[in-house]
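Below is one structure, written out as structure tokens, with a few remarks after it.
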Number of protein chains: 2
Amino acid sequence: MAALDAVLSDIDRDLDNSLERLFAWLRIESISTDPAYAGECRRAAEWLKGDLAALGFDASLRETGGHPVVLAHAPKPGAPHVLFYGHYDVQPVDPLELWETTPFDPRLVSLPDGRRAISARGAADDKGQVMTFVEACRAWKAIHGELPVGVTLLIEGAEENGSKDLPEWVEANRDELKADLVLVCDTGMWDRATPAITSSLRGLSYFEVFVRCADRDLHSGLFGGAAANPIRVLSRLISDLHDDDGRITLPGFYDGVRETPAEVLEQWRGLDLTPESFLGPVGLGLPAGERGRMLIEQIQSRPTCDVNGIVGGYTGEGTKTVIAGQASAKISFRLVDDQDPEAIAASFESFVRARIPADCSVEIVTHKGSRAIALPFDMPALAAAKGALAEEWGVPPVTIGSGGSIPIVGDFKRSLGLDSLLVGFGLDDDRVHSPNEKYDLTSFHKGTRSWARILAALAEPGAVGR
Amino acid sequence: MAALDAVLSDIDRDLDNSLERLFAWLRIESISTDPAYAGECRRAAEWLKGDLAALGFDASLRETGGHPVVLAHAPKPGAPHVLFYGHYDVQPVDPLELWETTPFDPRLVSLPDGRRAISARGAADDKGQVMTFVEACRAWKAIHGELPVGVTLLIEGAEENGSKDLPEWVEANRDELKADLVLVCDTGMWDRATPAITSSLRGLSYFEVFVRCADRDLHSGLFGGAAANPIRVLSRLISDLHDDDGRITLPGFYDGVRETPAEVLEQWRGLDLTPESFLGPVGLGLPAGERGRMLIEQIQSRPTCDVNGIVGGYTGEGTKTVIAGQASAKISFRLVDDQDPEAIAASFESFVRARIPADCSVEIVTHKGSRAIALPFDMPALAAAKGALAEEWGVPPVTIGSGGSIPIVGDFKRSLGLDSLLVGFGLDDDRVHSPNEKYDLTSFHKGTRSWARILAALAEPGAVGR
């Protein structure tokens, strides 16, 4: 594999320049959920388009209902063609005061254990991961003038906001997106030494609930005891969502949830994922999910419900004896197997409405839901990628389920008939969606080398099963 | 009563100037709970000191641990001496966007039913009410050069923040505060036509609860199902505070709560306070308190629990799949009869701690509590004030209990051995503690006239029972 070795050497040699390019992209504040940053999202898209064009890709921005999509083609007649998916948008940065570095001023930092890491919002989710693939392509082009397979990149800007407009856009552009396989780099390693391929993803249902009682804030001295309190109504409702065993009480919620086969459970037990190793690093120690389930089941194969935010009444300093007129919460469910987001939305709505006093009102905003995903274990590309990752990391990759959701993967299957190979190099301590997000320098460097190897492996006859 | 009539005429004649003086005071942003407004609180105190000095009072600012107290004396040897209490501090103004006028730019507005009202933060609670007494004194001084009784004004600046430092200050200044009776103007009328004297006050216990789980915000996809969610913990705790009949579940909470005598209940029934008349104006219609209790019991004679504020996780626009590291709530209890704030604080703390997962932590901030207050029905001053109010309003005043709390009234009894006569002219629709707080022009005008009459009545032999 002299051809590949030369590419890998080029990646090592060019690492500093690769970092400079990534940093330039990370400096763009592409927060997709806040309309105030729409301009920054477009700038991030333009930056990537320019970089890919410089690499010889036929790159363009495509308008959607929301932030633009970056689309870039490098066809290779006769060779397999892969569609690489990622996103250039990032999560909000609040609470800002908890950041040790400035979220959009990327820098290399040393972790307490000596690891080097890239600290910035988006470093891991997902700009850093996207660039591992782009840099792998750059090295192939630099050394051989071409890629081992045909490649189309589809990098969207609304993943952190539910990818609302992308499915429709994908459906409308099916011909241009023709490929043999989808590659996704938005997942993680099993641990720092062990690469992973994600073969299943939890789905997501996300709701916002606004409970409205009095038409104004009230003095609790005058009205306390007589006026409905929206925070109390909301708290009761949230409390009712789980029973004492941690099971979710929504009628029909567990319809379509399958029991994990005993042999898989056995394999998971072998992974020895302990509360200490998984929860210890974030200051916790007791699995909070369904009683009687292994921790790995709670985070991978079982559906969950979480309140992602709540606010109501006086939240400033000091005391205020007020009864709020309104309180609201963001409530989401992680789905598995065949759970149906529409059925859950309907069940959730009646569950909520049944708990609103007759003289109060509720507004429920339902964000786009996604079904869970599972990939065929016998996919040839899976074997090819496993081999490539084993070569790079010196240990065979594990095949895992992810608790996270990448809704678009389901749309790729539905609209394009394509399976997705999910390979990523994130770590559990990357703090994605939190202050001080980081991406290990090793993840970035060896991640890039891993993609260079995977591209080569996918070029082998039969690797993408056509 | 020619002497009094001349004073009343002067009040009518000087009304516009009285309003100008009140507006000047209302323009000072004396929010006591927010340290950022400490300077404004002092300005409000200085303004009042200056106005009282101009009236011939021996006025001064006195330092406390917090905002200064305004103290002003106008002794009258041989005559009864009254201590008038009020506060110059106001509630915060958020949410600002709900105000139709600027909170600290007072103006006269017309209400839909044609009433004229003063719109501003503090218009009713308590600057407007304090000025009804000051303007009554001004008229007496203007016409007769002196007041009918000796008067000391004690106007504090931390009532909206629990009057933390005042009790100690009162205890330390007992000699200078010697009087025969306390007058308080921080309560309301029964309705627009019927004045009221408040003979009982609910006490207050106020807590802030901070639930801390993970040491950072987590991605609900990676940790959902495994990590304790502080919003869920807090919601369950809040939900547990009431049973399905609306009773509060804190162990021992109802110790010291007495049943209201049948004859009093009968009298209350006669007042015909309906959900429509009381809750209708704020957009509600169903009493939310203890099942089986009259609305008037729920707001006057029964203890209550309300959540005054809650916040946790992502509360911005759009979605964020986060599990917060911390969530917090402000929870308060209104107390009656002999309920003991200390016992309730202890019960609350163990109630809360019992509901915190072993790998999470909780911080409970306990704000100053106050016992409920009840005044002797046979107090001579009560009869004198009733007569004066009947003269002014043409209908006899009702004697009511208030759901609100004025903790210092208990301290006046303990430290000074003085009962307090609570007379106020606020209305249920004044929106105290809410956006668009107002004070009816009639409350201000006839309230001033009422105090002029009460001062005269208290000068009559035996009126203050010495």
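The values are calculated or read from the model by the stated rules, or taken from the named source; none is laboratory data. Just so it is clear, the model here is predicted, and its values are computed rather than measured. Neighbour counts run over all protein chains shown; Cβ positions are idealised from the backbone, glycine included. To get the accessible areas, we keep the full protein, side chains included, count just its heavy atoms, and leave off ligands, DNA and RNA. Shrake-Rupley method; radii C 1.70, N 1.55, O 1.52, S 1.80 Å.
Results, tabulated for the structure shown:
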| item | result |
| --- | --- |
| Boolean, A:Ile231 is part of a helix (DSSP H, G or I) and over 26 Å from the mean Cα position of the chain (by Cα) | yes |
| Selected residue [closer than 23 Å to B:Asn161 by Cα, surrounded by fewer than 17 Cβ atoms within 10 Å (Cβ to Cβ), within 14 Å of chain A (Cβ to nearest Cβ) and not hydroxyl-bearing (Ser, Thr, Tyr)] from B:Val365, B:Val336 | B:Val365 |
| Matching entry among A:Gly270, A:Gly256, A:Gly252 (being open to solvent by 40 Å² or more (accessible area, probe 1.4 Å) and at positive phi) | A:Gly252 |
| Residue satisfying all of: in region A:211-222; part of a helix (DSSP H, G or I) and open to solvent by less than 10 Å² (accessible area, probe 1.4 Å); nearest to A:Phe333 (Cα to Cα) among these | A:Ser220 |
| Residues (open to solvent by 20 Å² or more (accessible area, probe 1.4 Å), part of a loop (DSSP other than H, G, I, E, B) and within 26 Å of A:Thr33 (Cβ to Cβ)) located in region A:159-196 | A:Gly162, A:Lys164, A:Asp165, A:Asn173, A:Asp186 |
| So B:Val151, is it outside any helix (DSSP H, G or I), over 30 Å from B:Ala3 (Cα atoms) and aliphatic (A, V, I, L, M) | no |
| Sole residue being at pLDDT 90 or above, surrounded by 20 or more Cβ atoms within 10 Å (Cβ to Cβ) and at negative phi, chosen from A:Leu421, A:Leu375 | A:Leu421 |
| Test set (1) assigned to a helix (DSSP H, G or I); (2) at the interface with chain A (Cβ under 7 Å from one of its Cβ atoms) - B:Ile296 fails condition number | (2) |
| Qualifying residue in region B:379-398 (condition: under 27 Å from B:Glu171 (Cα atoms), open to solvent by 10 Å² or more (accessible area, probe 1.4 Å) and within 20 Å of the chain's Cα centre (by Cα)) | no |
| Residue check, B:Glu156 among the acidic types (Asp, Glu) and either over 14 Å from the mean Cα position of the chain (by Cα) or open to solvent by 20 Å² or more (accessible area, probe 1.4 Å) (or both) | no |
| Residues that are more than 14 Å from chain B (Cβ to nearest Cβ) and not small (Gly, Ala, Ser), drawn from region A:342-359 | A:Glu342, A:Ile344, A:Phe348, A:Glu349, A:Phe351, A:Arg353 |
| Unique match (being at the interface with chain B (Cβ under 10 Å from one of its Cβ atoms), hydroxyl-bearing (Ser, Thr, Tyr), crowded, with 24+ Cβ neighbours inside 10 Å and within 19 Å of B:Leu222 (Cβ to Cβ)) among A:Thr321, A:Thr304 | A:Thr304 |
| Filter result (open to solvent by 10 Å² or more (accessible area, probe 1.4 Å) and over 8 Å from A:Val151 (Cβ atoms)) within region A:77-86 | A:Pro77, A:Gly78, A:Ala79, A:Pro80 |
| Qualifying positions in region B:4-20 - open to solvent by 50 Å² or more (accessible area, probe 1.4 Å) and closer than 30 Å to B:Gly66 by Cβ | B:Glu20 |
| Residue count, region B:79-120 (criterion: of a type in the set (Gly, Ala, Ser) and out of contact with any strand residue (DSSP E or B) (no Cβ under 9 Å at 6 or more places or on another chain)) | 1 |
| Residue in region A:129-137 that is in contact with a strand residue (DSSP E or B) (Cβ under 8 Å, 6 or more places away or on another chain) and either open to solvent by 40 Å² or more (accessible area, probe 1.4 Å) or part of a loop (DSSP other than H, G, I, E, B) (or both) present | no |
| Which numbered condition A:Ala288 fails, given (1) assigned by TED's automatic domain parsing to the domain that holds A:Ile238; (2) crowded, with 24+ Cβ neighbours inside 10 Å; (3) outside any strand (DSSP E or B) | (1) |
| Only one of A:Val182, A:Val282, A:Val257 that is touching an Asp or Glu at 6+ places or on another chain (Cβ under 8 Å), β-branched (Val, Ile, Thr) and in the same structural domain as A:Gly404 (by TED's automatic domain parsing) | A:Val182 |
| Selected residue (only one of A:Pro68, A:Pro103 is under 21 Å from the mean Cα position of the chain (by Cα), more than 26 Å from A:Arg449 (Cα to Cα), at pLDDT 95 or above and within 14 Å of chain B (Cβ to nearest Cβ)) | A:Pro103 |
| Region A:310-348, residues that are part of a loop (DSSP other than H, G, I, E, B) and acidic (Asp, Glu) | A:Glu317, A:Asp337, A:Asp338, A:Asp340 |
| Selected residue [within 24 Å of the chain's Cα centre (by Cα) and outside any helix (DSSP H, G or I)] from A:Pro435, A:Pro357 | A:Pro435 |
| Residues of region A:234-249 satisfying the condition of being more than 9 Å from chain B (Cβ to nearest Cβ) and either of a type in the set (Val, Ile, Thr) or buried (at least 22 other Cβ atoms within 10 Å of the Cβ) (or both) | A:Ile248, A:Thr249 |
| Test: A:Arg116 is open to solvent by 10 Å² or more (accessible area, probe 1.4 Å) and within 27 Å of A:Ser9 (Cα to Cα) | yes |
| Test: residue in region A:221-233 that is without any contact (Cβ under 8 Å) to a residue 40 or more places away in the chain, touching a strand residue (DSSP E or B) at 6+ places or on another chain (Cβ under 8 Å), assigned by TED's automatic domain parsing to the domain that holds A:Asp340 and charged (D, E, K, R) | yes |
| Residue match in region B:357-371 (condition: farther than 22 Å from A:Gly221 by Cβ and assigned by TED's automatic domain parsing to the domain that holds B:Val182) | no |
| Residue that is within 12 Å of another protein chain (Cβ to nearest Cβ) and not in a helix (DSSP H, G or I), where the choices are B:Glu208, B:Glu259, B:Glu276 | B:Glu208 |
| Members of region B:382-408 found to be under 28 Å from B:Asp165 (Cβ atoms) and not in a loop (DSSP other than H, G, I, E, B), listed by number | B:Gly401, B:Ser402, B:Ile408 |
| Residues satisfying the stated conditions in region B:325-344, i.e. aliphatic (A, V, I, L, M) and modelled with pLDDT under 95 | B:Leu335, B:Val336 |
